[in-house]
Amino acid sequence: MSSTGVRRAARRAFTGFSLVAASSLILPLAVAHADPDELESEIDALTEEVSELVEELNQAEEDVEAAEKRLEELQDEIGDEEERYEELRESVVEFAGALYGGSDLDSPSSVLTAGSPEEIQEKAADLGYLSENQTAQLDEFSGSAERLFSLREESEETLEDAEERRDELEEQRDEVESTLSDREDELAEITGEDGSDSDSDSDSEGASYTGSATGNAGAALDYAFAQVGKAYCSGGTGPDCYDCSGLTMMSWQAAGVSLPRVTGTQQHVGQAVSYSDIQPGDLLFFYSGISHVGLYAGNGQMVHAPNPRKSVEVVPLAGYWQGEFQFARRP
């Protein structure tokens, strides 16, 4: 087996082990619980885990897109090289015909019209029919083509790896989301509540921002509030559904400000702001792994896209979210 095959086999084996291990952690949670406090703790942990997986999945999607773009660029480069080769090939055939003429099967023109670039180069060298300049041109083409085909092979492997990583993360996310849904349903049965935040403003689709923010921050919040009640979806950037960083990116884009796609890179934009100094429109980041982001709406509230079980909503920061708060940035 090639070294590449060994690496892929090892990666698949490790992936299988990881999924089994993840399942072994998730399955015990399927046991019915009677303690609402325990359930709420598990729901909090699962919510954070979903957030982290979605963040990783967003980055994996970007990696796939980058690999696809690079492969497409290489294909264009290879196409240009092939056109250049055809021009060179015609030139060499004309040269050979002018020197030797006739239709002898051993003539350079017969060799050149039938061979691949590598075969042409080998036979040309053996027969000594080509001028030094044309041989140098063939050498140049051969080296360039070899480099491009090598890069294409590497790019194809990079794309394959990125796609495998994305698929693994999607499977893990789906498993954790399913478990989260089960836990929330179980809590709802015990408490008689539906698990939604009673203080949220997401009962209907669309809301209006009535705060004090103006300028870019006001425009960003106008957009975000208009999305209230719309569905959450991993990788979503609207207009029908959003994930957390998709909502913040599109909100600030509506204000004419460009933000990176994923939470992990949004955390580096603008200037740092302490919790005591946050202003409407600021980006708020949560969890130790920085896997969730929302927009401060003023009056101790945040507008965000929380998780697959909830729609875009406006929630108070006091309590859970303040406990998970890490830092803020002002675009």
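Could you tell me how many of the residues in the range 164-176 are out of contact with any Asp or Glu (no Cβ under 8 Å at 6 or more places or on another chain) and over 15 Å from residue 58 (Cβ atoms)?
Initially, the range 164-176 is screened for residues out of contact with any Asp or Glu (no Cβ under 8 Å at 6 or more places or on another chain), giving 164, 167-168, 170-175.
Imposing the further condition that a residue be over 15 Å from residue 58 (Cβ atoms) reduces the set to 164, 171, 174-175.
Of the residues in that region, 4 qualify.
Can you name every residue in the range 37-47 that is open to solvent by less than 40 Å² (accessible area, probe 1.4 Å) and either of a type in the set (Asp, Glu) or more than 9 Å from residue 180 (Cβ to Cβ) (or both)? Break it down into steps so the answer makes sense when it comes.
Applying the first criterion (open to solvent by less than 40 Å² (accessible area, probe 1.4 Å)) to the range 37-47 yields 39, 42-43, 46-47.
39, 42, listed by residue number.
Residues are listed down the side, and each one gets a yes or a no for (1) open to solvent by 90 Å² or more (accessible area, probe 1.4 Å); (2) at pLDDT 85 or above; (3) aromatic (Phe, Trp, Tyr); (4) assigned to a helix (DSSP H, G or I):
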| residue | (1), (2), (3), (4) |
| --- | --- |
| 32 | no, no, no, no |
| 61 | no, yes, no, yes |
| 64 | no, yes, no, yes |
| 82 | yes, no, no, yes |
| 93 | no, no, no, yes |
| 99 | yes, no, no, yes |
| 102 | no, no, no, no |
The range 254-271, residues that are in contact with a Phe, Trp or Tyr (Cβ under 8 Å, 6 or more places away or on another chain) and open to solvent by 10 Å² or more (accessible area, probe 1.4 Å): 254, 255, 258, 259, 267
Every residue from the range 276-312 that is within 18 Å of residue 238 (Cβ to Cβ) and charged (D, E, K, R): 310
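Which of the strands (runs of 3 or more DSSP E) found entirely inside the range 255-326 contain at least 2 residues meeting this: over 22 Å from the mean Cα position of the chain (by Cα) and within 17 Å of residue 223 (Cβ to Cβ)? Outline the logic, then answer.
Numbers: elements: 271-273, 283-286, 292-298, 301-304, 313-316.
The qualifying strands (runs of 3 or more DSSP E) are 292-298, 301-304, 313-316.
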Residue in the range 232-240 that is in contact (Cβ under 8 Å) with a residue 40 or more places away in the chain and either over 27 Å from residue 184 (Cα atoms) or more than 20 Å from the chain's Cα centre (by Cα) (or both) present: no
Contacts under 7 angstrom Cβ, first residue in the range 194-223 being within 22 Å of residue 254 (Cα to Cα) and open to solvent by 40 Å² or more (accessible area, probe 1.4 Å), partner at pLDDT below 95 and of a type in the set (A, V, I, L, M), 6 or more apart: 201/207
Hits in the range 286-305 - residues which are out of contact with any Ser or Thr (no Cβ under 6 Å at 6 or more places or on another chain), under 18 Å from residue 264 (Cβ atoms), surrounded by 19 or more Cβ atoms within 10 Å (Cβ to Cβ) and of a type outside the set (A, V, I, L, M, F, W, C): 294, 304
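The values are calculated or read from the model by the stated rules, or taken from the named source; none is laboratory data. Owing to the predicted nature of the structure, the values given are computational and were not obtained by experimental measurement. Cβ atoms come from the backbone with ideal geometry, glycine included; neighbour counts cover every protein chain shown. Just the protein is used for accessible areas: all its heavy atoms, side chains included, with ligands, DNA and RNA removed. Shrake-Rupley method; radii C 1.70, N 1.55, O 1.52, S 1.80 Å.
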